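Coordinate-derived values only; no laboratory data. Remember, predicted model here, so these are calculated numbers, not experimental data. Note that we place each Cβ from the backbone using ideal geometry, even for glycine, and neighbour counts take in every protein chain shown.
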Amino acid sequence: MADGATSISTSLRGKVSDAEWQARVDLAALYRLVALHGWDDMIFTHISARIPGPEHHFLINPYGLFFGEMTASALVKVDLDGNVIDKTPYFINPAGFTIHSAVHAAREDAHYVMHLHTDQGVAVSTHKEGLLPLAQQALIVLPQLAYHDYEGIALNLDERERLVADLGDKKLMMLRNHGTLSAGSTAAECWMGMFFLERACSQQVMALSAGRDNVLMAPEHAQAEVRSQTGGGLGMIAGLAWPGCLRKLDRESPGYAD
């Protein structure tokens, strides 16, 4: 698979700035990690990265490539109006542009934005109560979790204002009847936020299989304690885990940095 992915596009290594190339490599790594965890949705959903610099250009997936074959050079560079900046044989999904451009434009700290449609994430997004304080992963996530009501396939640019208003200053979001979203100042932080959110969703679906009356909510004092323990966010933990994630990719999905 990796060899085929590498041949999809001509390498841009050495043809773009060092900062852009690093963003491309980190973003391609996120796509491959999502595929390794089975969280991809064929060619749908998106992950994006802002390219450092004043132009507010960002990178997003070419529409038609699977996440498991994504490479740094295949990613498409666009501006906040959805215009493709550099020559490419690919185009982008307008729905992906709507969601991601909204977050990138509104949040200077949102350098990476990930949106998924996993079975568990979508299932919890349909729960009236949303994510419940059932386990440690959920307690870590809840202080950073926002909600946005479903408005249909994200093709209406007017939705961007409402989406960012709902997100506020939080870094995770449950898109009702739709899926999950994570934003981070680094690829590592974006990944770790989504990892905890998706794990919490999976655990909730499994726990509720026993029935709503048979689950044990975490005590209020424990919820407060976890909030105080994780008030600084997941940045440090993410930085510790990220190198291992890249080593895993090098073993199991090489070629993403081409």
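Who wins for biggest fluctuation among LEU172, LEU131, LEU181 in a Gaussian network model of the chain, springs between alpha carbons below 10 Å? Greatest mean-square fluctuation among the candidates belongs to LEU131.
Label-to-label distance for ALA241 and ARG227 is 2.3 nm, based on points extended 7 Å past Cα in the beta-carbon direction. By the rule of a C-alpha distance below 17 Å, with chain neighbours fewer than 8 residues away ignored, the lysines paired with LYS87 are LYS15, LYS77. Once each of the GluC sites (Glu not before Pro) sitting in a DSSP loop with at most 13 other beta-carbon atoms within 10 Å is removed, the chain keeps 130-258 as its longest stretch. Listed by number, the DSSP H helices of the chain that run 30 Å or longer by alpha-carbon position along their axis and have mean Kyte hydropathy of at least 0.5 are 187-208. Remark: spin-label model distance GLN136-SER17 equals 4.1 nm, labels positioned 7 Å along the Cα→Cβ axis.
Considering only GLY179, LEU155, GLY239, and ranking their Cα positions along the charge dipole of the chain that arises from unit charges at the beta-carbon of Lys, Arg, Asp and Glu, the one farthest toward the positive end is GLY239. Using a simple spin-label model with pseudo-atoms 7 Å out from Cα toward Cβ, ASP109 and LEU208 lie 2.9 nm apart. Pairwise Cα distances in the chain exceed 26 Å for 38 percent of all pairs.
Using C-alpha pairs below 8 Å separated by at least 6 residues, the relative contact order for the chain is 23 percent.
P(r) tail for segment 24-107: Cα pairs beyond 17 Å make up 41% of the total. A Förster radius of 25 Å, combined with the Cβ-Cβ distance separating LEU80 from MET42, puts the computed FRET efficiency at roughly 0.40.
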